[in-house]
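Read-outs: derived from the displayed coordinates by stated rules, not from any lab. Predicted model, so just to flag it, every value in this text is computed and none were measured. We place every Cβ from the backbone using ideal geometry, glycine too, and count neighbours over all the protein chains shown.
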Amino acid sequence: MSRRTRELTDEDRVLWNLVARSATPLAGKEPVALPPEPSTREERAAPAPRSEAREEPAARPKTLKLAHVFDTQTRDKLAKGRLPIEGRVDLHGMTQDEAYWLLLSFLRRAQQGGVRYVLIITGKGSSSRSEGVLRRSVPQWLATPPFRALVSGHDDASRRHGGSGALYVRIRRGLP
């Protein structure tokens, strides 16, 4: 029987790195050395090998604007389940870098799959006095050019779907 090999997706790679960092070796076994995480922005932005290269979205017209909030009727339909949430991604416990790339890859796949509404779970933060890093960062990321080509709007989720620790996101329709 031959083994089928396949390339890991960005999502698989992020999840594997999380698991590998949290695992402890068995007694008497040496821990496996993980590649160090890039410490500077330049190292993170260095081009990846050809098989892992991340492509930027195709150039879009400069008139793209992000409607930050939904109208009341759309938000109510999402909250009550009358509009389907066709995908969800949970960013709990991830670093900003891991969450950024996972979210970008998730939204690209959602757009390619024709998905219209998704739920992004960021969490509420580690304590009641501080707002979570991802909770603050994700809305800012959605306003940047790589995400603007994918997202047409976002709003806080209803309490039923995670409240202030989650976001409803409307995906732009892909170009034909």
Ordered by fewest other Cβ atoms within 10 Å, a rough proxy for footprinting exposure, 119, 167, 134 read 119, 167, 134
Would you kindly derive the ³J(HN,Hα) couplings of segment 98-112 from the backbone phi angles with the Karplus curve 6.51 cos²θ - 1.76 cosθ + 1.60 (θ = phi - 60°), listing them in order in whole Hz, with x for Gly and Pro? 5, 5, 4, 5, 5, 5, 4, 5, 4, 5, 4, 5, 5, 5, 5
Hey, can you grab everything whose amide H is under 5 Å from the amide H of residue 151? Only 5+ residues off in sequence or another chain; H modelled, so Pro and N-termini drop out. 172
How far apart, in nanometres, would the label points at residue 30 and residue 18 be if each is projected 7 angstrom from Cα along the Cα-to-Cβ direction? 3.0 nm
What ranking of 92, 154, 161 emerges when the number of other C-beta atoms within 10 Å of each C-beta is taken as an exposure proxy, fewest first? 92, 161, 154
